[in-house]
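Below you'll find the structure, written out as C-alpha cells, and then a few comments.
The values are calculated or read from the model by the stated rules, or taken from the named source; none is laboratory data. Keep in mind the model is a prediction, meaning the values are calculated, not measured. Every residue, glycine as well, gets a Cβ built from its backbone with ideal geometry; the counts of neighbours run over all protein chains shown. Accessible surface is based on the protein model in full, side chains and every heavy atom, while ligands, DNA and RNA are left aside. Shrake-Rupley method; radii C 1.70, N 1.55, O 1.52, S 1.80 Å.
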Amino acid sequence: MSTEACYILGLNLNHGSTAALLKDGEVLGAVSEERFCREKNRGGIPVLAIQYLLELAGIGPEDLQVVTIGGQWPTALMVADHVSRDFNPSGAIIGLVGQVLNKLPGLEPFYEGAHKSLYQGMLFPGLKRDLNKRLGEAVGNHNLAYYDHHDCHAAAALYGFTPDALTGRHLIFTHDSAGDGTCSSVSLAEAGRFKSVGERTPNAHSPSWIYSVLTDFMGMKILEHEYKLMGLAPYADQKGVDRVYPKFRELFSVNQDLSFGSKLHCHAYGHWMRSALDRQRFDWIAGAAQRLMEDLLIQWVNLGVEQNQCDSVVCGGGVFMNVKANMHLGQQSGVKQLIVCPTAGDESTAIGAAYLGYRDYCDAAGKDFVPQPVTKLYLGPEYDDAAIEAAIQAYSFKRPVTVEKPEDIEARVAQLLADGKVVARFAGRAEWGARALGNRSILAHPGDPKVVKLLNEQIKSRDFWMPFAGSMLAEDADRYLVNPKGIRAQFMELAFETRPEAAEKMPAALHPYDSTIRPQVVQADVNPSYHRLISLFKEQTGIGAVLNTSFNLHGEPIVNFPADALHTLDDSGLKYLAIGGFLVKQE
C-alpha cells in the first residue's frame, strides 16, 4: 500500500514504553504497551501498541516515512534481549561508588567519562544493532532516527500542548531523573523552533533522583510511586518538616547557568538517607522532600524567566507530574502563562520524537512544518457495543450479574451517582497516559466523604492518604477553582487551591488536609458524553462535578479491553459498570 500522507511513528523504549503515530503533523493515536500486555510500567519495544496504531490508521509498516526513538545511547540497554527489564545493579555497589566519588571528587569526571564510553563505545553499538533488528520485525526495515531525550520532552510540551507554539515566545523547562546522561534542560522557543539557553545538569547531580531514591527508601516502588510522597506531604506537621528540610536543602543548588548542583553524587543518595534520616518521621520526610522539589523548581524557573525575559513557561519531563509543584509554579508573579505537558513522563517522548521526526522530514522536503496541537487525550482504543456485548457473554463471572441496556446510559449513570452509588465508566476511546479523564474512570458523588473509605478499602485497595481527583464542568470551574491566570486545567496536569464552595459541595474530591484539587475541567466539545453526564448529575444535585479516579485495581494498568473492565468489576467491591451502552450490576 502506498500513500501520499506523511506518517511518522514515535517510540519510547524506556519504562512506560509507548508508541505514537502522526499523520501530516497530527497525532492520530498514542498508547502505552502496559495497556495491552497488562504489565504495569512495561518497558521495551511497544509491539502491541504499534500494531494497534497501524490498524487504527489503516496502513502498513511500509507507509511509515520514518520511525523515531525518544532517547539516544542509554535507551537500547533497556530493551536488549540479553538484558532483563528487571536488571538493577546491586544497591551496595552503587552506594560504594557514590561514597568513593564523594570522598575523591577529582575522580568524578573520569568516572562519568568511562561510564558514558562504556555505553557509547562498547555496549551501545551492539545493542543498537540488536534493537534495529527487533524493530525491523515490528515495523519493517526503516532507518531509525534517534532524538535527544530532553529535546523530545520539550517538543512534546511545545508542539503538542502550547496553543501558539509556532508564533509565540516560550521558555521550555524539562526535568526528570535521567535521560541521555542529563536530567534537565532549558530552551527558548521562537517561531516554532527551540534552542538551548542553559547548561544541562548531569545525571550525577539530579535533584529529582533523590525524590525517586527516597521513594524506595520509604518502602515504595521507585519510578512509579513518587506521587505517593506528594500525596502524603500535606499531612506532615510543619515543625517536623522544618526539622528535616535543611538536611535536604543543603545538598542542592540552582546555578546561574540554569543547571543544578549537588554536594553528593547521585549514587550516594541512598547511603546518605540511611544516616541523615534515621529516626525521622515518615511524614516529615515526605513533607521535606516535597518542599525541596517545590523550592528548587521555583528558584530554577524564576531564574530562567528573569534571564530570558520570557513569561510564558512550558514544562515537560517526569518531575512535572508533580501537580503540587506545578501549582506553585503557576502562582509565580513572573509566570504569566504556564503550559505543562499533561502526562509528562517518558511516555511523552514518543510524541516528542514523532514531532521532531516530522520537523526534519518537512525541512528535508522543503515543506512548511505545521505540527497540530493535541486538543484531547482520548488517543487509545475504543470498542463498539457489539464487541462489548460479546465480551460480556464470554466472561465467566464469579458472582451473579444483571445486564441491561438503558435507553440513556448517561442519564442512568447520573442518577446512580446522585443516589450515592459508585459507578465505573468504560466509554469511547481510552485516554493516553497516566490520567483517567472520564472514559476509563471510576466515578462517585463528590459531596459524600464516606465514599473515600469505600473506594480505598473495597475497590481500589489504595493507600488511605492519597486524595482523589475531580471532573468539573468548564462553565462551573470558576465556582470551585482559584485560577486568576486562567491556567489550563483540562488534563489534570496541576493542582489548584479551591474556593469555599468546593469544600462545601465536593469535599471527597479534594485533598483532605489542604483542600487542593487535581481537576479535570470538562469541555462539551472535547468529551460531549461525559460533559452531558456531569450536567445531568448537576441537575439533580446542584454540583457541577463528580469524583473521578482511574478505572483499575491497585498495581494494575488502567483497563483497556472490555474484558479488563469486567475483570476489575468482578475482583473488587464495585457494584456498577457502565460499559458502552450497557450497565452491568454485580449482585
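Before moving on, here are some points about what is shown:
- The mean sequence distance of close C-alpha pairs (under 8 Å, at least 6 residues apart), as a share of the length of the chain, puts its relative contact order at 16 percent.
- Leading residue at positive end of dipole, the chain (Cβ point charges), from Gly70, Met506, Cys362: Met506
- One entry in [x] 24.6; [y] 26.3; [z] 29.4 is Kirkwood radius over Cα pairs in Å calculated from the shown coordinates; its label is [x].
- Overall, the chain carries a charge dipole of about 1320 debye about its Cα centre when +1 sits on the Cβ of Lys and Arg and -1 on the Cβ of Asp and Glu, all other atoms neutral.
- Lysines whose Cα lies under 26 Å from that of Lys505, excluding same-chain neighbours fewer than 8 positions away: Lys228, Lys324, Lys421, Lys450, Lys453, Lys460, Lys485, Lys538, Lys575
- Antiparallel beta bridges, as assigned by DSSP with both residues in the stretch 301-459, represent about 55 percent of the total such bridges.
- Antiparallel bridge percentage (DSSP; both residues within the chain; nearest 5): 65
- Only protein atoms count toward the accessible area here, which uses a 1.4 Å probe; on the stretch 338-396, the carbon and sulfur part of that area reaches 47 percent.
- Once the Cα-Cα distance is subtracted from the 0.36 nm per residue extended length, the His225 to Ala394 segment shows a gain of 57.4 nm.
- Per-peptide packing, taken as the mean over residues of other Cβ atoms within 10 Å, places 413-420, 211-218, 344-351 in the sequence 344-351, 211-218, 413-420 from highest down.
- Whole-number percent relative contact order across the stretch 526-587, with pairs defined as alpha carbons under 8 Å at least 6 apart: 16
- When the charge dipole of the chain is built from unit charges on Cβ atoms (+1 for Lys and Arg, -1 for Asp and Glu) and taken about the Cα centre, the candidate among Gly317, His554, Ser441 whose Cα reaches farthest toward its positive end is His554.
- Span-like helix ranges in the chain, DSSP H, alpha carbon extent 24 angstrom or more, Kyte mean at least -0.5: 282-308, 348-365
- In Å², nearest 10: area of Arg249 left accessible to a 1.4 Å probe: 60
- Linear extension gain, Thr402 paired with Glu457, 0.36 nm per residue minus alpha-carbon span: 17.4 nm
- Where labels lie 7 Å past Cα in the beta-carbon direction, separation of Lys376 and Glu504 in nm: 3.4
- Here's the list of lysines a cross-link from Lys195 could span, going by alpha-carbon distance under 22 Å and ignoring same-chain residues fewer than 8 apart: Lys336, Lys367.
- Whichever aspartates and glutamates have a C-alpha closer than 17 Å to that of Lys23, once near sequence neighbours (fewer than 8 apart) are set aside: Glu4, Glu55, Glu62, Asp63, Asp360, Asp363, Asp368
- Rolling a 1.4 angstrom probe over the stretch 135-267 with all protein chains present gives an accessible area of which 50% lies on carbon and sulfur atoms.
- Short-range pairs are left out: with C-alpha atoms under 8 Å and at least six residues apart, the relative contact order of the stretch 245-352 is 23 percent.
- Label-point separation in nm, Asp257 to His554, each point 7 Å along Cα→Cβ: 4.5
- FRET efficiency for the Leu144 to Ala411 pair, using the beta carbon distance and R₀ = 51 Å, is estimated at 0.55.
- In this structure the chain gives 39 Å² per residue of accessible area when probed at 1.4 Å with all protein chains present.
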